[in-house]
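The values are calculated or read from the model by the stated rules, or taken from the named source; none is laboratory data. Since the model is a prediction, treat every value here as computed from it, not as a measurement. No Cβ is skipped: glycine too gets one built from the backbone with ideal geometry, and neighbour counts run over all protein chains shown. What goes into the accessible areas is simple: the full protein's heavy atoms, side chains included, and nothing from ligands, DNA or RNA. Shrake-Rupley method; radii C 1.70, N 1.55, O 1.52, S 1.80 Å.
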Protein chains: 2
Amino acid sequence: MSKNARDTFKQLPHKTIERLSQYRRALLICLNNNKEHIFSHEIAKIQHITPVQVRRDLMLIGYSGTLRRGYNIRELIDVIAEIIDSDQGINVAIVGMGNLGRAMINYFSGKRHKLSIVAGFDTNPDKIGQLVKGVTCYDALNMKEVIQNENIEIGIITVPVIQTTATAKQLVDAGIKGILNYTPKPVEVPENVYLEEYDMITTLEKVAFYVKMENELKDELAKK
Amino acid sequence: MSKNARDTFKQLPHKTIERLSQYRRALLICLNNNKEHIFSHEIAKIQHITPVQVRRDLMLIGYSGTLRRGYNIRELIDVIAEIIDSDQGINVAIVGMGNLGRAMINYFSGKRHKLSIVAGFDTNPDKIGQLVKGVTCYDALNMKEVIQNENIEIGIITVPVIQTTATAKQLVDAGIKGILNYTPKPVEVPENVYLEEYDMITTLEKVAFYVKMENELKDELAKK
DNA sequence: ATAGTTTTGTTAAATTTTTCACAAATAGTT
DNA sequence: AACTATTTGTGAAAAATTTAACAAAACTAT
Ligand SMILES: NC(=O)c1ccc[n+]([C@@H]2O[C@H](COP(=O)([O-])OP(=O)(O)OC[C@H]3O[C@@H](n4cnc5c(N)ncnc54)[C@H](O)[C@@H]3O)[C@@H](O)[C@H]2O)c1
Ligand SMILES: NC(=O)c1ccc[n+]([C@@H]2O[C@H](COP(=O)([O-])OP(=O)(O)OC[C@H]3O[C@@H](n4cnc5c(N)ncnc54)[C@H](O)[C@@H]3O)[C@@H](O)[C@H]2O)c1
């Protein structure tokens, strides 16, 4: 990839990056259905956004469709891959092989060529040494060693809340480049480590808020 | 709550709603640590945002701190609750009591007064009738009945991808008001149903993208 | 051929969200 | 009492993101 192309992609809006991942997910499904082309309004419908938004995103990544057939699904998938995926692939580890950790491995395993969960870590002797979908669970004590040997760059944290801070530190010390924290305890990382945090309760409470608002609106109308 | 106050809250930015939920989560932890007051910059640090952002959000909800002690944690929690929570409480059901469904129940159970998971649904006879953290798993065939009897307003979808569309339809038919879809298959709902979708792969790919970018930047510098 | 329809690509405008910048208040210190 | 250091609250500016609007292209049907 040329330097200029990369510089362009680097400046893609964060929201666009997220949507590209979602487009690809949708496109892969469409491809399975033997569809060859897709219109911006079709993608938009699937993603609950506007067709302009889709076209804008594709414009930003420099991909052009054909005027009457829309976008070539196969091509578009490849263009998106060129942007999001890393040539050599990126390895991921899950720390905390409990319910959520195992669920994630089950879900993610084999879904993406260039992004693989290659190791799990736990402190529970019963879990250490076990295999989940081909992923070995290592002793968390050996984290640094395994992360460096296996060239792991991203860590997903799914340990009990109380262990969150210590785990984040361990990952950082092991030289991890990115962390995805699924515990409800926010962590601090040096600025050279990219961090995303997600708490299901936030999303659930958001849904609850808008449901509540809708209810109150209806009550009000009913009173009149 | 007065009509005007409600009208104000209704127009809170979506992002603010999300952050309020996160602030409360952080505040509850602080409260446990016997802290009474907190500054905007302290909240900001925990949430990885700027202090102005925090103050702006609190301004929008009309809560004022004291000039030299910051915000009263207890009070602020209550004010946030007044906005996000529903007086009577809201009941939630999980459809699909597999790994992820059970993990969510384990995680969420008892965490919030006004938001409770009160039922699970599955089609697997082995799961039907079981209890997870006090939550009964019902036969998905009885969904409409249970949802109406138990006054359930929100449904969380954690069924296998292939069942997603059918499940969403079932929930809508049962009169659900909000849906949180954790499967990677986007669903369509009528516009009176509030929908949130979340896919872990999107978040993971976002982390991977920025890690990749950082790597390429470093390679470039090294070459020189 | 011509008219009508549909869809892309993009400039410009609008909207939403975040940040800047600073006055006002409060407490501690000299 | 004057000075210094903090911190809140907020109008105004900036930045990020989305939407509107429409020309140009490409196909269909007449
Ligand atoms: N379950 C959910 O749906 C859900 C949702 C959001 C967040 N979370 C959070 O994710 C985390 C995990 O949830 P869960 O349901 O999988 O819990 P779990 O108890 O099933 O799993 C935690 C695992 O971490 C291991 N562990 C403990 N200390 C460790 C350490 N220092 N290093 C490595 N491994 C360690 C435990 O042995 C266990 O296997 C919790 O913090 C929870 O709050 C869970
Ligand atoms: N596991 C993860 O981390 C993860 C992450 C993101 C998304 N997802 C998605 O969440 C879903 C569930 O994942 P999982 O790991 O819990 O899978 P799972 O197979 O463990 O659980 C699915 C459950 O749904 C039940 N079920 C099947 N059809 C049903 C129906 N029509 N009505 C009600 N219940 C039904 C099954 O009996 C099973 O108990 C999948 O779509 C998966 O892609 C999972």
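Taking A:Ile157, A:Ile46, A:Ile90 in turn, the Gaussian network model of chain A (Cα-Cα springs below 10 Å) assigns the largest fluctuation to A:Ile46.
The orientation-averaged projection of the convex hull spanning the C-alpha atoms of segment A:3-84 amounts to 5.0 square nanometres. Charge tally for A:Asn181 (other residues, Cβ to Cβ under 11 Å; Lys, Arg +1; Asp, Glu -1): -3. Structural descriptor for chain B: relative contact order 12 percent, calculated from alpha carbon pairs under 8 angstrom and at least 6 residues apart. In nanometers and ordered shortest first, the copy-to-copy spacing of the A:Glu220 label point, defined 7 Å from Cα toward Cβ, is 5.0. Take each residue in A:193-202, count the other chain C-beta atoms within 10 Å of its C-beta, and the mean is 6.
Using the Cα centre of chain B as the reference point, and only Cβ charges (+1 on K/R, -1 on D/E), how large is the resulting charge dipole? Debye, rounded to the nearest 20. Don't skip to the answer; put the middle values down first.
Numbers: 29 positive and 27 negative charges, 190 e Å.
It comes to approximately 920 debye.
Averaged over its residues, chain A has an accessible area of 50 Å² per residue, based on protein heavy atoms and a 1.4 Å probe.
Every helix of 4 or more DSSP H residues in the protein assembly as shown counts as -39500 (n - 2.57), and over all residues that averages to -15000 deg cm²/dmol at 222 nm.
Each copy carries a label point for B:Glu196 at 7 Å from Cα along the beta-carbon vector; from one copy to the others these points are 1.6 nm apart, nearest first. Roughly how many Å is it from the Cα centre of segment B:122-184 to that of segment A:154-187, as a whole number? One Cα centre to the other: 32 Å. In this assembly, the A-B interface accounts for approximately 7100 Å² of buried accessible surface in total, computed with a 1.4 Å probe and without ligands, DNA or RNA.
Each of B:Ile179, B:Asn34, A:Met213 was placed along the dipole of the protein assembly as shown (beta-carbon charges, centred on the mean Cα), and the one lying farthest toward the positive end is A:Met213.
Could you please state, rounded to a whole Å, how far the C-alpha centre of segment A:58-73 is from the C-alpha centre of segment B:48-92? Using only Cα atoms to place each centre, the spacing works out to 45 Å. Counts of other chain beta carbons within 10 angstrom of each beta carbon in peptide A:76-89 average 2. Distances from A:Gln148 to itself in the other copies, using label points 7 Å out along the Cα-Cβ axis, amount to 6.5 nm in increasing order. If you average the sequence gap of Cα pairs under 8 Å that are 6 or more apart and divide by the length of segment A:90-201, what percent do you get for the contact order? Relative contact order for segment A:90-201 comes out at 24 percent. All other residues whose Cβ lies under 9 angstrom from that of B:Met97 are scored, Lys and Arg at +1 and Asp and Glu at -1, for a net of +1. Amide H contacts of A:Ile90 (H built 1.01 Å from N, in plane; Pro and chain starts excluded): A:Leu115, A:Ser116 sit under 5 Å, all sequence-distant by 5 or more or on other chains.
Here B:Met104 sits with roughly 10 square angstrom of accessible surface, probe radius 1.4 Å. Residues whose amide H lies under 5 Å from that of A:His37, counting only those 5 or more places away or on a different chain, are A:Ile73; hydrogens are built 1.01 Å from N in the peptide plane. Where the accessible area of segment B:3-140 is counted over protein heavy atoms with a 1.4 Å probe, how much of it, in %, is carbon and sulfur? So the carbon and sulfur contribution to the accessible surface is 49 percent.
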